[in-house]
Amino acid sequence: MGQASIAPRSRADARIADYLERQARRVRTTPPGTCPLVVLLSMVQAAAAQTCGKCVSCRDGLPRLAALAPMGICSQNDSGNIRAALAAHGAADCFAAVVGHADVDFARQKPDPAAFLACLDRLGLREGRFAYIGDHAGDIAFGRNAQAALRAMGRAAEVVCVAAAWGGAPSVDLAAADAVAARPADLPDLLADL
């Protein structure tokens, strides 16, 4: 079996090449018969169950957030996959609604607000102040579009867009957010203050 090699031409290409080389090393060091994805998944699951003491882990932070207000997820992932991931990490009880890509018409995917409105309906919420947390500019646009749709429907509602800065998006992409959380542990206090 041959191996292709492509020389990086830009900084982004170099980052991808570095990532691919690390993945290739993982595959080379995994014993025959062991799936590297299963090994990686087990490491992620082990990390999710631990906390270093310096931040609030999802295991501790999500129940704190759920105590503030009912929570839902609007995602372009499959709602079944989302529910399975939440259950695997003991967080299923924290989210009262999950809206995935198949739950809204293909033509009305993000940043169209259809998923946001469906999530509010599943939560039984019509009016009030809502926070939408996302990790890229498209999520902020989604929150802004939801705000416009709610106003057009005559609802007394406000959507506060919170940028999740730990997601890796350039800070310029998150500049339009109403608030920025540098790490997951910041969310409970940040949302309580909004």
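Below is a table of values for the structure above.
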read-out: Span from the region 87-145 Cα centroid across to the region 167-194 one, whole angstrom; value: 17 Å
read-out: Surface accessible to a 1.4 Å probe, per residue, for the residues of region 143-194, Å²; value: 50 Å²
read-out: Rounded if a/c under 1.5, otherwise prolate or oblate - region 58-129, Cα gyration tensor axes; value: oblate
read-out: Fraction of accessible area attributable to carbon and sulfur, region 83-194 (%, probe 1.4 Å); value: 53 percent
read-out: Cβ-placed point charges (K, R +1; D, E -1), dipole of region 86-171 about Cα centre in debye, nearest 20; value: 240 debye
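The values are calculated or read from the model by the stated rules, or taken from the named source; none is laboratory data. These figures come from a predicted structure and were not determined experimentally. No Cβ is skipped: glycine too gets one built from the backbone with ideal geometry, and neighbour counts run over all protein chains shown. Please note that ligands, DNA and RNA were not included when accessible areas were found on the heavy atoms of the full protein model with its side chains. Shrake-Rupley method; radii C 1.70, N 1.55, O 1.52, S 1.80 Å.
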